[in-house]
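The values are calculated or read from the model by the stated rules, or taken from the named source; none is laboratory data. Predicted model, so just to flag it, every value in this text is computed and none were measured. Positions of Cβ are generated from backbone atoms using ideal geometry, with glycine treated the same way; all protein chains shown enter the neighbour counts.
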Amino acid sequence: MENKNISKQNNQKGQKGQKKKKNSKIPLIFLGVMVLTYIGLYFIDSIKTVAALNYVIGIVLEILPILLIVYVIMVLFSLLDEKKLKQTIEKAPKLLKYILMSILGTISHGPIYAWYPFLKDLNEKGLSKGPIGTFLYSRGIKLTLIPMLVSFFDVKFVVILTITTLIFSVFEGFLIDASYLSKRN
């Protein structure tokens, strides 16, 4: 009797896996619907449809180089070895720790709570709270959202905002360490 229940559960899991594979066609269906919509709109009002397509192509061409840079950074980040990264941060001089944590916070992605164990481990190994604050502050720079930010604003604005955030993340780290030192004394 138990073997039948187990085999039923395995069959149900297999069917769920097959359902997920069927859902993988949804992006292609969406793309097809969008192409058909543009074709239909072309026959209704060709001038506005061509203008809309030119606008979309312009935005894609403006954002594409930034998307490629973001993609390369994310691939490089996925290749980092966590143990070597921890050792590098632990052995680095004080100012370099702030800079490394600022860069690490910038290129980190995913939910923040996934980073808490990493930060706690660094803190337990002697890293002060300042570089951890620097890491958290610099997470305000979202590399994956930079192309959208550029499309709404200007590249110059995005560069200034990013550099300012990086500088103030290091400044905040120094302030956190200074406040902790004053509390100890």
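May I ask you to say which residue of G110, G58 is loosely packed, with under 12 Cβ neighbours inside 10 Å, more than 21 Å from G130 (Cα to Cα), modelled with pLDDT under 85 and among the small types (G, A, S)?
Details: G58 fails: modelled with pLDDT under 85.
From the options G110, G58, the qualifying one is G110.
Would you please name the residue that is modelled with the highest pLDDT, looking only at residues in segment 126-170 that are within 14 Å of I63 (Cα to Cα) and touching a helix residue (DSSP H, G or I) at 6+ places or on another chain (Cβ under 7 Å)?
Among those residues, the one meeting the criterion is V158.
Yes/no matrix, rows are residues, columns are (1) under 21 Å from T164 (Cβ atoms); (2) of a type outside the set (V, I, T):
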| position | (1), (2) |
| --- | --- |
| N54 | no, yes |
| L80 | no, yes |
| T88 | no, no |
| A92 | no, yes |
| L96 | yes, yes |
| L100 | yes, yes |
| G105 | yes, yes |
| P117 | no, yes |
| I132 | yes, no |
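Might you check whether a residue that is surrounded by 12 or more Cβ atoms within 10 Å (Cβ to Cβ), touching a residue at least 40 places away in the same chain (Cβ under 8 Å), under 13 Å from the mean Cα position of the chain (by Cα) and part of a helix (DSSP H, G or I) occurs anywhere in segment 73-94?
yes
Against the definition (more than 17 Å from the chain's Cα centre (by Cα) and either over 23 Å from Y71 (Cα atoms) or part of a helix (DSSP H, G or I) (or both)), how does L136 come out, yes or no?
Working: more than 17 Å from the chain's Cα centre (by Cα): no; either over 23 Å from Y71 (Cα atoms) or part of a helix (DSSP H, G or I) (or both): yes.
So L136 does not fit the description; no.
Could we say that K8 is part of a helix (DSSP H, G or I), charged (D, E, K, R), at pLDDT below 55 and exposed (fewer than 10 other Cβ atoms within 10 Å of the Cβ) here?
no
Could you please tell me which pairs satisfy a Cβ distance under 8 Å, a separation of 6+ or placement on different chains, a first residue in segment 36-50 that is surrounded by 10 or more Cβ atoms within 10 Å (Cβ to Cβ), and a second residue that is among the polar types (S, T, N, Q) and in a helix (DSSP H, G or I)?
Close Cβ pairs satisfying both conditions: Y38/T49; L41/T49; Y42/T49.
Looking at Y98, is it in contact with a Pro (Cβ under 8 Å, 6 or more places away or on another chain) and outside any loop (DSSP other than H, G, I, E, B)? So that I can check it myself, show each step before the final result.
Values: in contact with a Pro (Cβ under 8 Å, 6 or more places away or on another chain): yes; outside any loop (DSSP other than H, G, I, E, B): yes.
Here the answer is yes, as Y98 does meet what is asked.
Residues are listed down the side, and each one gets a yes or a no for (1) under 14 Å from the mean Cα position of the chain (by Cα); (2) on the phi < 0 side of the Ramachandran plot; (3) not polar (S, T, N, Q):
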site: G126; (1), (2), (3): no, no, yes
site: I132; (1), (2), (3): no, yes, yes
site: P147; (1), (2), (3): yes, yes, yes
site: V150; (1), (2), (3): no, yes, yes
site: F153; (1), (2), (3): no, yes, yes
site: V158; (1), (2), (3): no, yes, yes
